[in-house]
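The values are calculated or read from the model by the stated rules, or taken from the named source; none is laboratory data. Fair warning: this is a prediction, and the values are worked out from it, not measured in the lab. Don't worry about glycine lacking a Cβ; one is built from the backbone with ideal geometry, like all the others, and counts go over all protein chains shown.
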Amino acid sequence: MSDGHVTVALTVNGRRVERETSGRRLLSDFLRHDLGLKGTHVGCEHGVCGACTVLVDGRSARACLMLAAQAHGADVVTVEGLTPDDGTLSPLQACFREAHALQCGFCTPGFLAAAHELLEEHPDRVDFTDAETRAALSGNVCRCTGYAQIVEAVRLAARRRHEEASPA
């Protein structure tokens, strides 16, 4: 459109969405302000902290560095989309709670998205090392913890997924 607006059509958390928005609108702002999905946090606005991390076509992406128009046709999953429809915690979220892997919670949505990507990429792995887990989460910054509980939560989620998939 000549006025700088574009129509963006994408799937967000399993729901088809079509909106007109500024061609310069960031995906983070589109999700938070246009769609009301407040779980995508905006921290540094430079792609460094990872608080805005979402999944775009199954891969983690910084929503503060991506234009909404770039997500046209994509499947976007926010932290809200990682939660079961019944409002309970996902197994990964439950492991974060159990391992005390959050303090203030501001960084948690980004960590959950990155951890979800890791677990989806390696569904049969149960033995992630601390170094592998830390590398997978290295694009996310937490200012409240020493990361030990976050790493443990991801490793716990991998073990639990394997236990639940294995026949008794």
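A few remarks follow.
- Residue check, residue 55 in contact (Cβ under 8 Å) with a residue 40 or more places away in the chain and touching a His at 6+ places or on another chain (Cβ under 8 Å): yes
- Listing of strands (runs of 3 or more DSSP E) fully contained in the range 7-68 that carry 3 or more residues being among the hydrophobic types (A, V, I, L, M, F, W, C): 53-56
- The residues of the range 10-37 that are loosely packed, with under 13 Cβ neighbours inside 10 Å and of a type in the set (Gly, Ala, Ser), listed by number, are 14, 36.
- Selection count where residues are surrounded by 15 or more Cβ atoms within 10 Å (Cβ to Cβ) and closer than 15 Å to residue 39 by Cα, scope the range 91-115: 11
- If you check 53, 88 for being modelled with pLDDT of 95 or more, β-branched (Val, Ile, Thr) and out of contact with any Cys (no Cβ under 6 Å at 6 or more places or on another chain), only one passes: 53.
- Test: residue in the range 58-67 that is touching a residue at least 40 places away in the same chain (Cβ under 8 Å) and over 15 Å from the mean Cα position of the chain (by Cα): yes
- Entry remark, the range 68-105: residues being under 16 Å from the mean Cα position of the chain (by Cα) and polar (S, T, N, Q) number 4 in total.
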